[in-house]
Structures are given as C-alpha cells and as structure tokens.
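Here's the structure we're looking at; comments come further down.
The values are calculated or read from the model by the stated rules, or taken from the named source; none is laboratory data. Please read all numbers here as calculations on a predicted model, not as lab measurements. Here the Cβ positions follow ideal geometry from the backbone for every residue, glycine too, while neighbour counts run over all protein chains shown.
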Amino acid sequence: MLDIRLVREDLDKVKKALATRGVEPGLLDELWDTDYQARAASTKRDELRAEINSISKEVAKLMRSGDAESAKSLREKSRSIGEELSMLEPRAAELDARRHDALLKIPNIPSEDTPIGVSEADNVVSRWWSPQRGMQNGSDIELPDYSESQKKPHWEIGSELRILDLERAAKISGSMFAMFRGLGATLERALTSMALDAHADAFEEIRPPTLVRSATMVSTGHLPKFEEDAYHLERDDLYAIPTAEVPLTSLAKDEILQEDDLPLRLTAFTSCFRREAGSAGRDTRGLLRLHEFDKVEILAYTTPEQASAMHEELLSRAENLLQRLGLTYRVLDLCTADLGNSSKRTFDLEAYSPGTGLWLEVSSVSWFGDYQARRANIRFRNAESGQIEFVHTLNGSALAWARIWAVIVETYRQADGSVVVPEVLRPYMRNLEKIPAP
C-alpha cells in the first residue's frame with residue numbers, strides 16, 4: 001500500500017501520478033479526509049486516556065493524604081471523561097479501518113520511467129530477439145520465415161501426437177483446463193527442471209504451500225482487487241495461489257531482516273490457479289488461457305538502492321531462458337494504464353506463436369517498491385544508520401509453461417509432423433531428440 005505520508009505531504013503530486021492510472025482524484029480526497037479525521041480522533045483518544053491516567057494518580061495521592069472529598073470529585077470527573085472515551089474509541093477504530101480499506105484499494109504510484117498511456121495499446125516494445133537476428137532494439141520486428149508445418153496450432157499438434165488431451169481434461173474438470181500426456185507431460189516437467197537448475201546459482205529453491213490465508217493474498221495486492229479471479233475455499237478461508245509470488249512475498253512477513261542479507265533471492269515451482277473471470281470474449285483455445293497452469297517464479301527482497309539492478313537481473317534471467325529455448329520474443333515496457341495494481345514498473349515478455357499468429361505473454365517482471373512490503377510488514381535494519389526501513393519486492397515469471405509448451409511444439413514442428421526437442425531440454429527428457437510423429 002501507499003505510504004500515507006505521501007498523501008498527507010503532497011496530495012496534488014499523488015493525484016497527478018495516479019491520474020495516469022485512471023484513479024479518480026475524489027478517491028484520494030476521500031482518503032485524505034478520512035486520514036485527517038482518523039488522526040484527530042486518535043489524538044483526542046490518546047489525550048483522554050492520558051488525562052484519565054493522570055487523574056488516577058492524583059486520586060491515589062489524595063487518598064493517601066486523607067482528602068477523600070477531593071478524591072471523590074476527581075473520580076466523578078474521571079468517570080465523565082471515561083464515558084466520552086468509550087464513545088470515541090469505536091469511532092477512532094472505525095476511521096482507522098476505513099483508512100486501511102481505502103489504502104488497500106489504491107494502486108501503486110508508477111515509476112518515473114514507466115510510459116504513460118490510456119490502454120495496453122500504449123505499451124512500448126523496447127526490444128526483440130530471434131534465433132536468426134539476435135537482440136534488436138525497437139519495435140520493427142522481423143519474424144522468422146516460418147514454414148507451413150510450423151503454422152499449425154498447438155492444440156492440433158498436441159492431439160495428433162497424443163501429447164495434449166484437452167477433451168478429457170474438460171470431461172474431468174471443465175473448460176480451460178489442460179492435460180498433458182506421455183512426452184507432452186515429460187516436456188512440461190523438463191521445462192520446470194531446466195528453469196530451476198538455471199536459477200540455482202543464486203536463488204534459494206522453495207516449495208511453498210499451494211493454499212494460503214486471506215492476509216497472504218492481501219500482502220501482494222491480489223485481494224481485494226482481484227477477488228473475482230481467485231479460487232476461494234470458503235470453509236477454511238484459504239485461497240489457491242494465482243502465482244508463487246503470493247507465498248514467496250509473505251515468507252518474511254512481520255520480520256526485520258538485516259541489510260547484509262539483502263538482496264534475498266527466492267525461486268519456486270508451483271501450479272497456479274486463476275478463475276479468469278474477465279476472460280469473456282478473449283481467445284481461450286488450447287493453452288492460451290487456463291484456470292490452472294505451472295510456472296517457475298523468481299522473487300527478491302532488496303534495499304531501495306538495489307532494486308533497479310535486481311529488476312534488470314530478473315528480466316535478464318527470463319530472457320536468457322527464452323533464448324536458450326530458441327524462441328522469438330519481444331519485451332514490452334507496460335504503460336501506466338496496463339500496470340498491475342501493485343507494480344511501479346513492469347516488463348512483459350511475449351513469445352511469438354507461429355501456429356496462432358499471436359504474441360503470447362510468457363513472463364511478467366515487476367518492481368513493486370515498498371508497496372507490498374508495507375502490506376506484509378517486511379522490513380530491514382539499515383547497516384549504517386540502524387534505522388528500520390521497508391524492503392522493496394520484485395518478481396518475475398521464469399517462466400510460465402503452458403504457453404511456452406505451445407510455442408515450442410509449434411516452432412519446432414517438422415514437415416513429417418514430429419517435433420524436435422530443443423537441445424537445452426534433452427538432458428531432462430532422457431536425451432530424447434524428437435517427439436516422433438504417430
């Protein structure tokens with residue numbers, strides 16, 4: 001959440017920054033007013049408590065001196081103040097709760113480097129990569145000369161090779177679920193093992209719980225904003241995680257870390273669950289949009305000074321995996337209107353799917369500043385000053401597998417219907433070089 005001091009000290013600046021995200025200024029005026037009332041009520045409450053305590057001490061002195069009459073008068077005064085306090089305390093608590101709820105609904109302030117825009121059409125393609133051309137800056141993309149065999153959609157390839165069974169997945173669980181079979185399941189597993197090994201040089205591998213408390217979802221900003229997209233187990237008040245970012249962010253919840261321990265790097269493989277309540281009208285064929293998918297996440301806690309370099313590191317790791325897999329991709333610098341609620345700046349990686357003719361988002365690499373850390377109360381002790389500060393959190397997908405799986409089987413499909421296994425994955429697929437045609 002935002003630091004309320006920013007709203008108090010420069011409301012107009014906050015309004016201007018959040019206007020680029022479509023936040024109505026009246027929402028911030030309401031927050032400022034609620035905060036003002038909450039502070040006034042809190043100050044008055046504390047004054048009344050202090051006065052009661054002072055009277056209590058004075059009554060004790062009077063009783064010891066034998067002045068019972070004066071003590072009785074002060075007790076009556078204390079009782080009157082206590083009645084005023086009993087009426088004020090619920091009001092102060094209500095205002096505190098209203099302020100907290102308002103802060104939970106307000107998105108993060110974008111970075112100064114984030115492009116300003118009004119829709120996803122204003123996202124900026126900063127660079128792109130293909131096996132033939134390598135890294136290129138700008139948005140003038142030259143796609144590889146894909147053959148007709150590569151232009152077949154993955155759901156048809158998967159069915160022909162009997163490695164993707166969407167029909168039986170739908171029979172078991174409903175639409176927008178997938179079932180990988182045989183070498184299709186092996187390919188999915190190989191991608192996970194390859195990625196975890198790639199991050200093992202610097203990131204601690206975690207296997208977090210798949211179900212988390214409401215407070216854990218609130219910490220990352222997934223609640224209350226995205227409640228409609230979450231799978232909720234009402235009986236236990238637990239949520240199925242939409243991404244490993246959720247449990248990893250709360251790993252140090254309510255803790256104070258030492259600056260020498262930062263940056264702290266974590267990685268995790270999990271299944272991810274999203275109801276995709278807002279997917280009406282979008283292309284949901286094959287693996288393009290699923291309720292459940294597997295993903296390897298990389299996440300870091302940093303000091304404010306370390307955040308920029310860490311953002312580049314996470315992005316570089318995600319790009320490196322795409323390059324090792326030989327997949328054409330582009331890097332989008334998301335504009336203010338398309339940022340996630342908690343993000344200050346986000347880069348999306350989109351791989352090109354020759355079978356669908358679409359750019360598919362396969363990674364989102366974000367810097368959140370201290371927005372999530374304030375929600376989860378994750379702090380560190382500054383080694384030089386000794387002061388306690390909030391960490392910065394960053395995370396990225398490296399990578400999300402369903403769409404990567406789709407792009408691989410399309411990109412590497414041969415004229416005879418077989419699919420060549422990318423060389424980097426062969427050690428994880430029992431040295432198999434090709435998924436044979438039936």
Report summary line: Those residues of the stretch 395-404 which are touching a helix residue (DSSP H, G or I) at 6+ places or on another chain (Cβ under 6 Å) and closer than 10 Å to E245 by Cβ amount to N395, G396
Report summary line: Among the residues of the stretch 1-29, the number that are touching a Phe, Trp or Tyr at 6+ places or on another chain (Cβ under 8 Å) and not in a helix (DSSP H, G or I) is 2
Query raised in the report: Has the stretch 264-274 got any residue that is within 28 Å of L322 (Cβ to Cβ) and of a type in the set (F, W, Y)?
Result: yes
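Going by the structure shown, is R189 of a type in the set (K, R), surrounded by 14 or more Cβ atoms within 10 Å (Cβ to Cβ) and not in a strand (DSSP E or B)?
Yes, satisfied.
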Report summary line: Selection from the stretch 157-184 of residues surrounded by 14 or more Cβ atoms within 10 Å (Cβ to Cβ) and free of Cβ contacts under 8 Å to residues at least 12 places away in the same chain yields S159, A169, A170
Report summary line: Pairs returned, first residue in the stretch 112-135 that is over 20 Å from P354 (Cβ atoms), second residue that is among the hydroxyl-bearing types (S, T, Y) and at pLDDT below 95, beta-carbon separation under 6 angstrom, 6 or more apart or interchain, are none
Query raised in the report: Inside the stretch 286-329, can you point out the residues that are surrounded by 17 or more Cβ atoms within 10 Å (Cβ to Cβ), over 30 Å from A170 (Cβ atoms) and basic (K, R)?
Result: R317
Query raised in the report: Does L327 fit the bill of being hydrophobic (A, V, I, L, M, F, W, C), over 18 Å from the mean Cα position of the chain (by Cα), at pLDDT 95 or above and not in a strand (DSSP E or B)?
Result: yes
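May I ask you to say which residue of L299, L290, L349 is in the same structural domain as E188 (by TED's automatic domain parsing), within 18 Å of A400 (Cα to Cα), assigned to a loop (DSSP other than H, G, I, E, B) and in contact with a helix residue (DSSP H, G or I) (Cβ under 6 Å, 6 or more places away or on another chain)? Can you show your working first?
On the way: L299 fails: assigned to a loop (DSSP other than H, G, I, E, B); L349 fails: assigned to a loop (DSSP other than H, G, I, E, B).
Within the list L299, L290, L349, the selection yields L290.
Residues are listed down the side, and each one gets a yes or a no for (1) assigned to a helix (DSSP H, G or I); (2) over 24 Å from the mean Cα position of the chain (by Cα); (3) outside the structural domain of T220 (by TED's automatic domain parsing); (4) of a type in the set (V, I, T):
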| residue | (1), (2), (3), (4) |
| --- | --- |
| Q37 | yes, yes, yes, no |
| A40 | yes, yes, yes, no |
| M63 | yes, yes, yes, no |
| I81 | yes, yes, yes, yes |
| A93 | yes, yes, yes, no |
| D101 | yes, no, yes, no |
| P115 | no, no, yes, no |
Report task. Would you mind stating whether R75 is in contact with an Asp or Glu (Cβ under 7 Å, 6 or more places away or on another chain) and among the charged types (D, E, K, R)? Result -> no
Query raised in the report: If the Cβ limit is 9 Å and pairs must be 6+ apart or interchain, which residue in the stretch 346-371 that is under 24 Å from L143 (Cα atoms) pairs with which residue that is modelled with pLDDT under 95 and among the aromatic types (F, W, Y)?
Result: none
Report summary line: Flagged pairs (Cβ under 7 angstrom, 6 or more apart or on separate chains; first in the stretch 49-61, under 11 Å from I81 (Cβ atoms); second modelled with pLDDT of 90 or more and of a type outside the set (A, V, I, L, M)) are I52/S78; I52/G82; I55/K77; I55/S78; S56/S78
**Report entry** P263 vs. criteria over 23 Å from E389 (Cβ atoms) and either surrounded by 15 or more Cβ atoms within 10 Å (Cβ to Cβ) or not charged (D, E, K, R) (or both)
**Finding:** no
Query - Leading residue by the ranking (nearest to R285 (Cα to Cα)) among those in the stretch 409-424 that are surrounded by 24 or more Cβ atoms within 10 Å (Cβ to Cβ) and out of contact with any Phe, Trp or Tyr (no Cβ under 9 Å at 6 or more places or on another chain) - result: V409
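Taking R282, is it within 28 Å of W155 (Cα to Cα), without any contact (Cβ under 8 Å) to a residue 40 or more places away in the chain, outside any helix (DSSP H, G or I) and of a type in the set (K, R)?
Yes; evaluated as a whole, the condition is true for this residue.
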